Amino acid sequence: METHMVNIITMPPDFSERPELLVVGSATRGFRPCPATMEWLKSLSPFDLEGTMVAAFDTRIALPSIKNGILRWLVKTGGFAAADIQRGLVKGGGAVVTPSTGFEVSDREGPLLKGELERAYNWGSTIGAKALDRVVMH
């Protein structure tokens, strides 16, 4: 399976060739994906991703690192970007290959917390295995 990494800003909503697998990630900003990601997701029509396996992830602040209890509660109840990304991909016709997830960062711009790179590797390996199974079976 050929792979490409593309910045969401340059990603066309309509594909000349539909990808077999599309993984979309974003930093969580105000409980949501970054504005460019939200704009791209909203531009998808219900059939743009038909037949495409999709997965979503975000980066997020670790809840235990938020010292203010009210702010921690707001973040916990407000949610994270991955759920919105996955919803948008499904609305565009994508088939979820594995549940969305988030990877914790120590600050607004990172870095990933200890152990998160390994979690990301394992999550990506799961996606790859499921995608390969699906491609081989078809």
Cross-link pairs 42/130; 67/91; 42/76; 76/114; 67/114 - those with Cα-Cα distance over 29 Å: 67/91
Between 106, 73, 11, whose Cα lies farthest towards the positive end of the dipole of the chain when Lys and Arg beta carbons carry +1 and Asp and Glu beta carbons carry -1, centred on the Cα centre? 73
Environment charge of residue 36, counting only residues whose C-beta is closer than 12 Å and scoring Lys/Arg +1, Asp/Glu -1: +2
With everything on Cα atoms, drop me the angle between helix 81-91 and the longest principal axis of the chain, reported from 0 to 90° to the nearest 10. 20 degrees
Within the chain, longest stretch free of exposed trypsin sites (Lys or Arg not before Pro) [DSSP loop, at most 13 other beta carbons within 10 Å]: 1-66
Helix 116-137 sits at what angle to the longest principal axis of the chain, using alpha carbons and giving 0 to 90 degrees rounded to 10? 20 degrees
Counting only DSSP beta bridges with both partners in the chain, the antiparallel fraction in percent, to the nearest 5, comes to 10 percent
Residue range of the chain that is longest and free of GluC sites (Glu not before Pro) which are both DSSP loop and sparsely packed (at most 12 other C-beta within 10 Å): 51-108
Between segment 91-133 and segment 6-68, what is the C-alpha centre distance in whole Å? 12 Å
What's the angle, to the nearest 10 degrees (0 to 90), between helix 69-78's Cα axis and the longest principal axis of the chain? 10 degrees
Student exercise, the chain dipole from Lys, Arg, Asp, Glu Cβ charges, in Debye to nearest 20: 680 debye
Dividing the helical contributions, -39500 (n - 2.57) per DSSP H run of n ≥ 4, by the residues of the chain yields a 222 nm value, nearest 500 deg cm²/dmol, of -12000 deg cm²/dmol
Between (i) 36, 21, 19; (ii) 27, 18, 12; (iii) 55, 15, 12, which matches semi-axes √(5λ) of the Cα gyration tensor in Å calculated for the structure shown? (ii)
Could you work out how much longer the chain between residue 121 and residue 31 gets when fully extended? Use 0.36 nm per residue separation minus the Cα distance between them, nm to one decimal. 30.0 nm
In the Gaussian network model of the chain, springs joining C-alpha atoms below 10 Å, which of 117, 71, 21 carries the largest mean-square fluctuation? 71
Simple spin-label estimate for residue 112/residue 70, 7 Å along Cα→Cβ, in nm, reads 3.5 nm
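Values quoted throughout were computed directly from the atomic coordinates according to the rules given, and no laboratory measurement underlies them. The model shown is predicted, which means the values in this text are computed figures rather than measured ones. Backbone-built Cβ (ideal geometry, glycine too); neighbour counts: all protein chains shown.
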